[in-house]
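Beneath this line is the structure, given in structure tokens, with notes to follow.
The values are calculated or read from the model by the stated rules, or taken from the named source; none is laboratory data. This structure is a prediction, so every number in the text was calculated from the model and none was measured. Cβ coordinates were reconstructed from backbone atoms using ideal geometry, including for glycine residues, and neighbour counts include every protein chain displayed.
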Amino acid sequence: MKRYSVFAVAREAQRYHSGWERAWRSPEPKKSYDVIIVGAGGHGLATAYYLGKNFGITNVAIIEKGWLGGGNTGRNTTIIRSNYLQDPSAAIYEKARDLYETLSQDLNYNVMFSPRGVIMLAQTHHEVRGYQRTAHANALQGVKTEFIGPEKVKEIVPIINIDGPRYPVLGGLLQKRGGTARHDAVAWGYARACSDMGMDIIQKCEVTGVRRIAGRVVGVETTKGSIDCNKLGIVVAGHSGVLADMAGFRLPIESAALQALVSEPIKPCMDVVVMANTVHGYMSQSDKGEMVIGGGTDSFNNYTQRGSFHHIEETVRALVETFPMISRLKMLRQWGGIVDMTGDRSPIISKTPLENCFINCGWGTGGFKAIPGSGWAMAELMAKGYSPLANEFSVDRFKEGRFIDESVAAGVAH
Amino acid sequence: MLTLQCPYCGVMAEETELSAGGEAHLKRFGPGSTDADFETYMFMRENPKGVHFERWRHANGCGKWFHAARCTVTLEVFGTYTAQTSVPPADLLDKIRAARPGFKWREFE
């Protein structure tokens with residue numbers, strides 16, 4: 001792999017940019033691999049990357065039904081934060097946020113991590129108390145957040161209306177080193193680094209079956225033939241239920257569509273991410289100037305990747321009171337992704353009833369921010385059979401009643 | 001937008017008039033049951049990519065709970081039926097089997 005650098009740009013500028021190579025190879029699958037990861041989204045690619053980087057396991061295939069990063073990795077609102085309430089969540093999300101800080105250097109690929117700050121608005125007295133509690137919990141967890149008053153919110157976000165009639169802004173939970181990153185670049189950067197380590201990224205190859213012998217996975221059936229493996233990692237987000245069905249076990253997961261939308265591009269007006277969880281909306285401004293808006297999840301199971309129309313209206317209507325200026329904006333595009341929701345709104349990074357099969361799913365509405373930490377933990381679990389970061393997120397927790405309840409702290413908006 | 005016919009009042013209700021109630025025909029387990037049974041009842045879900053049986057409530061209408069058979073990919077509705085049953089009606093299952101070869105949902109094929 002040729003490294004990207006200022007010298008590379010200068011060199012290519014002198015030869016009509018004819019020397020850039022493809023970022024990753026597109027090989028045909030081999031007969032067998034040490035590890036097969038199903039799903040070349042952010043989490044799957046990050047798992048493969050840390051398997052190679054941290055554990056030297058490079059005989060790896062990453063199999064993808066569509067194109068890499070074409071699922072939820074390319075459909076989210078790119079928010080990165082780690083201000084969670086429960087200790088296991090704070091640990092893994094903060095690990096991810098911390099890895100994002102230097103991810104561009106690690107991958108030699110600009111993921112445009114922008115720690116511009118994330119504010120979660122408190123718009124009811126209940127939320128004020130909730131976020132003050134989160135701020136205290138974060139202090140104990142070593143996650144730097146602070147609770148700020150409404151005037152400070154107004155100072156940071158001049159376009160906000162803090163005196164709304166229904167939901168005035170009473171304060172906010174600020175994480176200064178939270179922010180955004182370029183979602184496609186995260187997938188592309190990991191893919192390029194994986195390919196460089198000799199891993200095979202096999203796109204447009206759908207897994208159609210999981211071959212099992214005596215409680216072990218021996219390989220997968222795909223649309224490009226049968227492939228053997230010693231270990232299998234299932235990292236397919238919304239389709240986790242479908243893969244689990246192939247592998248013969250059940251999951252405490254339901255899939256539904258979550259939507260986002262962007263406005264026409266406008267001049268810079270908001271340089272932080274603002275989340276308004278009471279009214280179910282969150283907003284940031286992209287580098288192109290579009291206001292990126294995330295909304296609610298469909299209330300019923302579906303795999304439509306578009307979502308119900310009325311959610312757009314509800315989301316925008318909710319945000320207009322807090323951001324009156326967006327009432328004049330035209331919305332350009334809307335899209336949906338399939339999110340895999342668990343009962344306690346926390347992910348599953350776990351062993352499965354099959355001895356050499358591991359699953360990483362249940363990130364629900366908030367997976368993008370966790371990509372590096374999730375990959376780190378999943379790789380450790382697959383390589384060593386144990387990961388301190390992943391331990392609490394095992395699927396057994398539902399049977400044992402030790403939930404990691406983030407349904408309040410994480411809210412609908414991630 | 002998803003539209004379901006309420007089997008009680010006959011109204012063709014659209015999504016905002018309804019509230020989703022999750023998977024249908026769950027077998028309930030209470031105190032004294034095994035951990036595995038309780039886990040299955042509380043948390044394990046079918047989550048099919050295809051036809052699903054669900055509970056719905058005509059919340060902004062007659063207020064009654066009912067069942068629906070719906071495809072989670074195309075949103076095609078195969079039918080709705082009343083809440084006073086623990087299994088889907090036989091004629092509805094036949095209709096789904098005819099339309100979707102290979103249909104499978106819990107113990108039904």
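Among the residues making up the stretch B:3-18, those that are of a type outside the set (A, V, I, L, M) and either within 14 Å of chain A (Cβ to nearest Cβ) or not in a loop (DSSP other than H, G, I, E, B) (or both) are B:Thr3, B:Gln5, B:Glu14, B:Glu15, B:Thr16, B:Glu17.
Name the single residue, out of those in the stretch A:271-297 being modelled with pLDDT of 90 or more and part of a loop (DSSP other than H, G, I, E, B), that is farthest from B:Thr74 (Cα to Cα).
Here is the first cut: in the stretch A:271-297, the residues modelled with pLDDT of 90 or more are A:271-276, A:282-294.
Filter once more, so that each one left must be part of a loop (DSSP other than H, G, I, E, B): A:271-272, A:286-289.
Working: A:Asp271: 39, A:Val272: 38, A:Ser286: 32, A:Asp287: 35, A:Lys288: 34, A:Gly289: 34 Å.
Taking the candidates together, the pick is A:Asp271.
Of all residues in the stretch A:166-177, those that are outside any strand (DSSP E or B) and of a type in the set (A, V, I, L, M) total 2.
Condition check ((1) crowded, with 16+ Cβ neighbours inside 10 Å; (2) over 19 Å from A:Asn301 (Cβ atoms)) across all residues:
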{"site": "B:Pro7", "(1), (2)": "yes, yes"}
{"site": "B:Gly10", "(1), (2)": "no, yes"}
{"site": "B:Asp35", "(1), (2)": "no, yes"}
{"site": "B:Gly79", "(1), (2)": "yes, no"}
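What about A:Gly130, is it among the small types (Gly, Ala, Ser), at pLDDT 95 or above and in contact with a strand residue (DSSP E or B) (Cβ under 8 Å, 6 or more places away or on another chain)? So A:Gly130 fails the test.
Remark: pairs (first residue in the stretch A:291-315, away from chain B (no Cβ under 11 Å) and among the acidic types (Asp, Glu); second residue surrounded by fewer than 24 Cβ atoms within 10 Å (Cβ to Cβ) and not in a loop (DSSP other than H, G, I, E, B); Cβ separation under 6 Å; 6+ apart in sequence or on different chains) are absent.
Name the single residue that is surrounded by the fewest Cβ atoms within 10 Å (Cβ to Cβ) among those in the stretch B:42-66 being away from every other protein chain (no Cβ under 13 Å) and part of a strand (DSSP E or B). Break it down stepwise before answering.
Applying the first criterion (away from every other protein chain (no Cβ under 13 Å)) to the stretch B:42-66 yields B:58, B:61-66.
Filter again for part of a strand (DSSP E or B), leaving B:65-66.
On the way: B:Trp65: 15, B:Phe66: 24.
Looking at residues that are away from every other protein chain (no Cβ under 13 Å) and part of a strand (DSSP E or B), I get B:Trp65.
Which pairs do you get when a residue that is within 13 Å of chain A (Cβ to nearest Cβ), found in the stretch B:19-33, comes within reach of a residue that is of a type in the set (Val, Ile, Thr) and not in a loop (DSSP other than H, G, I, E, B), reach meaning Cβ atoms under 8 angstrom, with the pair 6+ apart or on two chains? Once the first residue is within 13 Å of chain A (Cβ to nearest Cβ) and sits in the stretch B:19-33, its partners that are of a type in the set (Val, Ile, Thr) and not in a loop (DSSP other than H, G, I, E, B) give B:Phe29/B:Thr40. Kindly evaluate A:Asn138 against the criterion of being in a loop (DSSP other than H, G, I, E, B) and touching a Ser or Thr at 6+ places or on another chain (Cβ under 7 Å). No. Just checking, does the stretch A:77-86 include any residue being within 13 Å of the chain's Cα centre (by Cα), polar (S, T, N, Q), in a helix (DSSP H, G or I) and not assigned by TED's automatic domain parsing to the domain that holds A:Gly281? Checked against the condition, which is being within 13 Å of the chain's Cα centre (by Cα), polar (S, T, N, Q), in a helix (DSSP H, G or I) and not assigned by TED's automatic domain parsing to the domain that holds A:Gly281, the stretch A:77-86 yields no hits at all. The C-beta contact set for the stretch A:1-28 (first residue in contact (Cβ under 8 Å) with a residue 40 or more places away in the chain, second residue of a type in the set (Phe, Trp, Tyr) and not in a loop (DSSP other than H, G, I, E, B), distance under 9 angstrom, 6+ apart or interchain) comprises A:Ala23/A:Trp188; A:Trp24/A:Trp188. For the condition hydroxyl-bearing (Ser, Thr, Tyr) and modelled with pLDDT of 95 or more, B:Thr80 qualifies.
Tell me, please, whether a residue that is aliphatic (A, V, I, L, M), surrounded by fewer than 22 Cβ atoms within 10 Å (Cβ to Cβ) and within 25 Å of A:Gln203 (Cβ to Cβ) can be found in the stretch A:55-62. For the stretch A:55-62, residues aliphatic (A, V, I, L, M), surrounded by fewer than 22 Cβ atoms within 10 Å (Cβ to Cβ) and within 25 Å of A:Gln203 (Cβ to Cβ): present.
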